[in-house]
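The structure that follows is given in the form of structure tokens.
The values are calculated or read from the model by the stated rules, or taken from the named source; none is laboratory data. Bear in mind the structure is a predicted one, so any value in this text is a computation, not a measurement. We place every Cβ from the backbone using ideal geometry, glycine too, and count neighbours over all the protein chains shown. We work out accessible area using only protein heavy atoms, side chains counted, and drop any ligands, DNA or RNA first. Shrake-Rupley method; radii C 1.70, N 1.55, O 1.52, S 1.80 Å.
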Amino acid sequence: MTAGAVWLLLGGAAGAALAKPLRLPFWPLIGAIAGAAAVRLASGGHMAIPAGLQTVAQVLVGTVVGLAVAPGVLRDFRTVLLPGLLAVVAILGFGVGWGLFVGRTGAAAVPAAVFGMVPGGVGEMMAAATAVRTDTAVVAAMHLARLVVVLSCLPLLVRGARVFERWWGERGRDR
């Protein structure tokens, strides 16, 4: 492992450690992103995590996600499949439309703007952008901004959804 990779990992760990007492939502992820980005920006040079370590990290994330698959989840999944697909198609269309708009304004190349605006994981979108030879730095920046905004807003959105759910339930009983 290179010295740069060690510095990136230390920066990510320090960022996560700092984010926890600040009570940032999803502190391990947001803190690690901020810490690694700070190290990368401070270095001014090219830094990378070895591909093997990236694969291990993806396997770890996949394992954690896989733990969420409990008995009965497929039955529950059937009930949300259609609304979920409709939401994905709508968000995908919206993302492509905004990507085309951003690309046409000259703020970024059209392919990079489209890849940056559509939903998907940062790693997956970076891999896809690499495959079509578009600017991965723009794609990464757009997805990281989206990720930080979404993760930062989620606690408030969930609280609002719970309030709405209680209100909706009370209105339903009044009929």
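Hey, among the residues in the range 114-158 that are more than 21 Å from residue 28 (Cα to Cα) and among the charged types (D, E, K, R), which one's most open to solvent (accessible area, probe 1.4 Å)?
133
A further question on this structure: Considering 137, 129, which residue is outside any loop (DSSP other than H, G, I, E, B), free of Cβ contacts under 8 Å to residues at least 12 places away in the same chain and of a type in the set (Gly, Ala, Ser)?
The conditions single out 137.
Which pairs do you get when a residue that is under 30 Å from residue 113 (Cβ atoms), found in the range 72-98, comes within reach of a residue that is surrounded by 11 or more Cβ atoms within 10 Å (Cβ to Cβ), reach meaning Cβ atoms under 6 angstrom, with the pair 6+ apart or on two chains?
Sorted first by the residue in the range 72-98, then by its partner, the pairs are 91/119; 92/118; 95/117; 95/118; 96/114; 98/117.
In the range 32-51, how many are under 25 Å from residue 151 (Cα atoms) and outside any helix (DSSP H, G or I)?
Adding up the residues that qualify gives 2.
Being open to solvent by less than 60 Å² (accessible area, probe 1.4 Å), in a helix (DSSP H, G or I) and either modelled with pLDDT of 85 or more or not β-branched (Val, Ile, Thr) (or both) is the filter here; which residues of the range 54-75 pass it?
57, 62, 66
Here is a further query. Residue 14 passes all but one of (1) part of a helix (DSSP H, G or I); (2) without any contact (Cβ under 8 Å) to a residue 60 or more places away in the chain; (3) over 25 Å from residue 159 (Cα atoms); (4) open to solvent by less than 50 Å² (accessible area, probe 1.4 Å); which number fails?
Unmet for residue 14, out of (1) part of a helix (DSSP H, G or I); (2) without any contact (Cβ under 8 Å) to a residue 60 or more places away in the chain; (3) over 25 Å from residue 159 (Cα atoms); (4) open to solvent by less than 50 Å² (accessible area, probe 1.4 Å): (4).
Let me ask another. Scan the range 21-30 and tell me whether some residue there is among the hydrophobic types (A, V, I, L, M, F, W, C), over 20 Å from the mean Cα position of the chain (by Cα) and over 22 Å from residue 138 (Cα atoms).
yes
Considering only the range 104-113, I want to know if a residue exists there that is surrounded by 20 or more Cβ atoms within 10 Å (Cβ to Cβ), within 19 Å of the chain's Cα centre (by Cα) and under 24 Å from residue 87 (Cβ atoms).
Yes, because at least one residue in the range 104-113 is surrounded by 20 or more Cβ atoms within 10 Å (Cβ to Cβ), within 19 Å of the chain's Cα centre (by Cα) and under 24 Å from residue 87 (Cβ atoms).
Moving on to the next point. If the requirement is being part of a helix (DSSP H, G or I) and over 22 Å from residue 60 (Cβ atoms), which of these qualifies: 147, 156?
156
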